[in-house]
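Take a look at the structure below.
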Amino acid sequence: MTSKNKVLDHASLTARNSTPVADGPEDSGFAIFSATQIGESNKRRVLQMLFDLGPTSRAELARLTGTKRTTITGIVQPLIEAGLLIEVDPNEKRGVGKPARPLWFSASAAPVCAVFLMPDKVETALISLTGGVSAHRQVPIAPGKRNRETYIDALVAGVDHALAQAPRQALGIGVAVGGMVDPADGSIVAMNLAPAMAGLGLRDLLEDRFALPTIVDHHPRALLLGERWFGAGRGMGNFAVIYADEVLGCAMYLDGKPFRGPHGSGGELGHTIVDLNGGTCTCGKRGCWETVATLGWLRDRAAEAGLPGAERLDSERLVDLSAQMPAAGALLSRYAHNIAIGIANLQTLLMPDNFIIYGDVRRGGEIMQQFLTREISGLAASLPGNPITVFLGQNEQTITLQGAAGLIVSKQLEIEY
Ligand SMILES: [Zn+2]
């Protein structure tokens, strides 16, 4: 996939992704080691770079920061002795002589407990700082049992199970919720299809029960974090995650920082209005993007067109049908166009340039990817030399759990994600 070349270009990455320090060396875009800024700040920047780049040698860290290798050694040595970082095997030999041993997080450093809460399931796992998933549990929640007690029982049992397997005290509990949350107080504002969960103070509940720092955020932001650290978003300075399924959601990483509105809000892209005379949305307004670019819309139109299995149609099936039936091809084209409209508006406003697609639409595969790339590029503005790129997300379950853990890692290691 072309994303690899794009994200692992260290020189452009540093230029795009750096936070210059005013009194640093002049020739460095990532001048982190001025005489007055050492210690904690430098440690944070090195950890940040490792998360941005993946395993990286001391020499490479020195080169990218415009500092001496001995300075890097002085910073990383205590982190190695503390068991946070280790030397790993180099993937490839560069040049002659002994290859440098890259530094990376230790799989046995303090892990994080991750929770993925959706209306139909509760997932829990232990996530190592290298992204390893263990003690994974998934409890389905049937439609008739969606009361608070059921969810809380599954959550507590899953977290208990995960923490019992932790090789050392966990850094905390990171929770991704498929619904609206208030990240400021860690409560659930609303969960589609699980109305009993509205108003639940989930962070306080888990902190009281487990005495560990807990962060609750919405599902697309966990996807963003997971992509940032372990997926196609690694090292990208600008990208957006789009979740397109029965609902629409998004989260953005802009100019080297995650975007957050006041009180952690924002990302309700599904309720931006795209049709002045459109139908009524679940939010009560008319013509929201969500009324024309979700599975509900797709299935209604498929039924009107007489497509087989319309009531269970999804992007994967639609792509398959489109090869055989012109009506399915036409619907695929309309669906991709409608999805592209919301993404194009986001692109024109904020220019993330890179879009990583999750949810049902991802299951449309490369055909859907091609449709979206063409449609978005046709509708949106972009800067010269910055083509719009659409990526298919990786394993949604794993990336979400890694991202939920990332909420805690970024807080506990005091790095920006
Ligand atoms: Zn709406």
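Computed values, structure above
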| read-out | value |
| --- | --- |
| Cα-based helix-to-principal-axis angle, 148-164 vs the chain, degrees rounded to 10 | 30 |
| Cα gyration tensor category, rounded, prolate or oblate, for the stretch 366-411 with a/c compared to 1.5 | oblate |
| Lys pairs under 24 Å by Cα in the chain, provided they are eight or more residues apart or on distinct chains | 11 |
| Calculated over the stretch 123-183: convex hull of Cα atoms, volume per residue (Å³) | 105 |
| Taking only Cα atoms of the stretch 288-417, radius of gyration then Dmax in Å | 16.8, 55 |
| Alpha carbon convex hull of the stretch 62-172, projected area averaged over orientations, nm² | 9.7 |
| Residue-averaged [θ]222 nm for the chain, counting only DSSP H segments that reach four residues, each worth -39500 (n - 2.57) | -12000 deg cm²/dmol |
| Rough spin-label spacing in nm, given labels placed 7 Å along Cα→Cβ, for Ser377 and Lys411 | 4.1 |
| GNM flexibility winner over the chain from Trp297, Trp289, Trp229 (Cα, springs under 10 Å) | Trp297 |
| At most 13 other Cβ within 10 Å, DSSP loop - trypsin sites (Lys or Arg not before Pro), the stretch 140-185 | Arg168 |
| Cα-projected label distance for Gln165 with Glu207, points at 7 Å along beta-carbon direction, nm | 2.7 |
| Considering only the stretch 236-393, percent of DSSP beta bridges that pair antiparallel, nearest 5 | 55 |
| Debye log10 I(q)/I(0) for the stretch 131-284, one point scatterer per Cα, at q = 0.15, 0.16 Å⁻¹ | -0.94, -1.06 |
| Computed Kirkwood radius, in angstrom, where 1/r is averaged over Cα pairs of the chain | 22.7 |
| At q = 0.13, 0.24, 0.33 Å⁻¹, base-10 log of I(q)/I(0) for the stretch 321-371 (Debye sum, equal scatterers on each alpha carbon) | -0.35, -0.97, -1.31 |
| Most to least packed among 239-246, 335-342 [average Cβ atoms within 10 Å] | 239-246, 335-342 |
| Cα gyration tensor shape of the stretch 180-256, rounded if a/c is under 1.5, else prolate or oblate by comparing a/b with b/c | oblate |
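Each value in this text was obtained by applying a stated rule to the coordinates, not by laboratory testing. Since the model is a prediction, treat every value here as computed from it, not as a measurement. Cβ coordinates were reconstructed from backbone atoms using ideal geometry, including for glycine residues, and neighbour counts include every protein chain displayed.
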